[in-house]
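**Student:** One structure coming up, written as structure tokens, with questions to follow.
The values are calculated or read from the model by the stated rules, or taken from the named source; none is laboratory data. In this text the structure is predicted, and so the values were computed from the model without any measurement. Cβ coordinates were reconstructed from backbone atoms using ideal geometry, including for glycine residues, and neighbour counts include every protein chain displayed. The accessibility values were calculated without ligands, DNA or RNA, using every heavy atom of the protein model including side chains. Shrake-Rupley method; radii C 1.70, N 1.55, O 1.52, S 1.80 Å.
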Amino acid sequence: MIIQNACHLWQQGEVVAIPTETVYGLAADAEQDAAVAKIFALKGRPQFNPLILHVHSLEQLEDYAEITPLLLQAAAVFWPGPLTFVLKRRPQAKLSYLVSAGLDSIAVRIPAHPIAQELLRAYGKPLAAPSANKSNSISPTSAADVTASFGNQIPLIIDGGSAAIGLESTIIDLTTNIPTILRPGGVTFEALTAILGEIQYAQAGAAVKAPGMLKRHYAPSIPLRLNTVEPRDNEAMLGFGSMDCNLNLSPSGDLQEAAANLFRMLRQLDNPVYKGIAVAPIPNHNLGVAINDRLNRAATPN
Ligand code: TXA
Ligand code: MG
């Protein structure tokens, strides 16, 4: 009953809190831009941190990420469980680009908690889920923790008891030459070395603390020019609010809708037929802060 209720809510683009063995997550349908944008609005983060994609099996993952021999080796030992892999995202994956904050990679995990497993199987589509806490506060290990933060903001919080591990998953990036630990967690360095051979820690954890700074972070290949409503010759216009433009982040000026469209529309306009992309001003409050943060990074040449 609760399982069906959750699936119905996800289908409708709602956010539901779910238990996992590490910490509780704020889960939404990873294919729906608007649903993923809702997660960011709830978290109140000033940046778009990429989220973890939760799946029930390797078979399901095949549609979304590139499966490598190294992944299969590690997955056989550590999945389901508290380990997240960063993999190459499949170019054709039917995933919201907001899930991975515009990156070409995707962080994925098969959680071990039986309720999380049951939910993922019943829904059949992957769920994007960060830890169910507000930005800058501690990760939730019980349904009561989630209620304290989001009780009156989300339609359903599923109680799966207190989280067995109580610490977020270890994140290891398999897209680098030497697999790189981006976040320490439930699975140790030693346990990973035993299976993967040589691995390393990320430099001073920079990639995790500021994922927007990642070198691989998506930026269009043509220049971005911000805070303008007048495109120059051969510039594409990315609009906001009622205006003439090639694509509009939100004709009605809704920041949540704009966040949902941001990465997909930047990609759509990133076409050599244009000399650049002119972007309309975005109000700098609520999700607008994260949108502007991302736009400023994308506009700054490396
Ligand atoms: O245990 C966990 O992993 C929990 C449960 C709910 O599964 N989830 C969790 O999600 O801790 P979150 O959003 O709080 O942390 C995700 C971390 C972020 O620090 C983010 O920077 C990193 O994963 N991340 C996600 N996608 C990435 C990517 N493509 N490349 C590098 N880092 C990524
Ligand atoms: Mg977190």
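**Student:** Pull out the extension gain between residue 296 and residue 77, defined as 0.36 nm times the separation in residues minus the alpha carbon to alpha carbon distance; nm, one decimal.
**Tutor:** Full extension of this stretch gives 74.7 nm more.
**Student:** Please report the accessible area of residue 2 (heavy atoms, 1.4 Å probe, ligands and nucleic acids excluded) in Å², nearest 10.
**Tutor:** About 90 Å², rounded to the nearest 10.
**Student:** Right, something else. Roughly how much of residue 87 is accessible, in Å² to the nearest 10, using a 1.4 Å probe?
**Tutor:** The value for residue 87 is about 0 Å².
**Student:** Return the distance in nm (one decimal) between the two label points of a simple spin-label model at residue 144 and residue 285, each offset 7 Å from Cα along Cα→Cβ.
**Tutor:** That separation, rounded to one decimal, is 3.6 nm.
**Student:** Could you rank 113, 8 by how accessible they are, 1.4 Å probe, largest area first?
**Tutor:** Numbers: 113 25, 8 110 Å².
Reading off the accessible areas and sorting them downward yields 8, 113.
**Student:** Ignoring ligands, DNA and RNA, how do 90, 225 rank by accessible area with a 1.4 Å probe, largest first?
**Tutor:** Per-residue accessible area, sorted high to low, gives 90, 225.
**Student:** Can you tell me which of 114-126, 26-38 comes out highest on packing, and rank the rest after it, using the mean Cβ neighbours within 10 Å? Walk me through the numbers before you get to the answer.
**Tutor:** Numbers: 114-126: 18.3, 26-38: 24.7.
Highest to lowest by the protection proxy: 26-38, 114-126.
**Student:** Still on this model: For residue 67 and residue 92, compute 0.36 nm times the residue count separating them, minus their Cα-Cα distance, and round to one decimal in nm.
**Tutor:** Values: separation 25, 0.36 × 25 = 9.00 nm, distance 1.42 nm.
Difference between extended and current length: 7.6 nm.
**Student:** For the chain, what is the accessible area per residue in Å², given a 1.4 Å probe and the full set of protein chains?
**Tutor:** 44
**Student:** Sticking with this structure for a sec: Which of the aspartates and glutamates could a cross-linker bridge to residue 125, judged by Cα under 13 Å and excluding same-chain residues fewer than eight apart?
**Tutor:** Leaving aside aspartates and glutamates fewer than 8 places away in the same chain, those within reach of residue 125 are 29, 31, 59, 62, 63.
**Student:** Kirkwood Rh over alpha-carbon pairs of region 224-299, then Stokes-Einstein at 20 °C and 1.002 mPa s: what D in µm² s⁻¹, rounded to an integer?
**Tutor:** 178
**Student:** For the pair residue 2/residue 104, report the inter-label distance in nm, with labels modelled 7 Å from Cα in the Cβ direction.
**Tutor:** 4.2
**Student:** Taking only the alpha-carbon atoms of the chain, what semi-axes of the equivalent ellipsoid follow from 5 times the gyration tensor eigenvalues under a square root, in whole Å, largest first? Could the numbers behind the result be given before it?
**Tutor:** On the way: eigenvalues 207, 108, 55 Å².
Sorted largest first and rounded, they come to 32, 23, 17 Å.
**Student:** Using just the helices of the chain, give the 222 nm mean residue ellipticity in deg cm²/dmol: DSSP H runs with n ≥ 4 each add -39,500 (n - 2.57), and the total is spread over all residues, rounded to 500.
**Tutor:** -9000 deg cm²/dmol
**Student:** If you put +1 on each Lys and Arg Cβ and -1 on each Asp and Glu Cβ, how big is the dipole of region 224-299 around its Cα centre, in Debye rounded to 20?
**Tutor:** Numbers: 7 positive and 8 negative charges, 54 e Å.
It comes to approximately 260 debye.
**Student:** Which order do 289, 77 take when ranked by solvent-accessible area (1.4 Å probe, heavy atoms of all protein chains), largest first?
**Tutor:** Order by accessible area, largest first: 77, 289.
**Student:** Nearest 5 is fine: what % of DSSP beta bridges in region 50-160 come out antiparallel, could you say?
**Tutor:** Antiparallel bridges make up about 75 percent of those DSSP assigns within region 50-160.
**Student:** Can I ask one more? Rounded to the nearest 10 Å², what accessible area does residue 63 show when all protein chains are kept and the probe is 1.4 Å?
**Tutor:** The accessible area of residue 63 comes to roughly 100 Å².
**Student:** Another question about this same structure. For residue 198 paired with residue 234, estimate the spin-label separation in nm (one decimal), with each label point 7 Å from Cα along the Cα-to-Cβ line.
**Tutor:** Result: 4.5 nm between the two label points.
**Student:** While we're here: What is the sum of charges around residue 51, taking Lys and Arg as +1, Asp and Glu as -1, for the other residues whose C-beta is under 11 Å from the C-beta of residue 51?
**Tutor:** Once all neighbours under 11 Å are counted, the net charge is +3.
**Student:** Could you please state how large a percent of the accessible area of region 224-299 is carbon and sulfur, counting protein chains only and using a 1.4 Å probe? Display every interim value, and only then the final one.
**Tutor:** On the way: 1540 of 3510 Å².
It is 44 percent, rounded to a whole number.
**Student:** Grab the other residues whose beta carbon is less than 12 angstrom from that of residue 196, score K and R as +1, D and E as -1, and report the net.
**Tutor:** Overall, the nearby charge balance is -3.
**Student:** Further question: Assigning unit charges at the beta carbon (Lys, Arg +1; Asp, Glu -1) and nothing else, what dipole magnitude in debye, to the nearest 20, does the chain show about its Cα centre?
**Tutor:** Value, rounded to 20: 520 debye.
**Student:** Within the P(r) computed for region 47-86, what percentage of the Cα pairs occupies the region above 16 Å?
**Tutor:** When every Cα pair of region 47-86 is considered, 34 percent fall beyond 16 Å.
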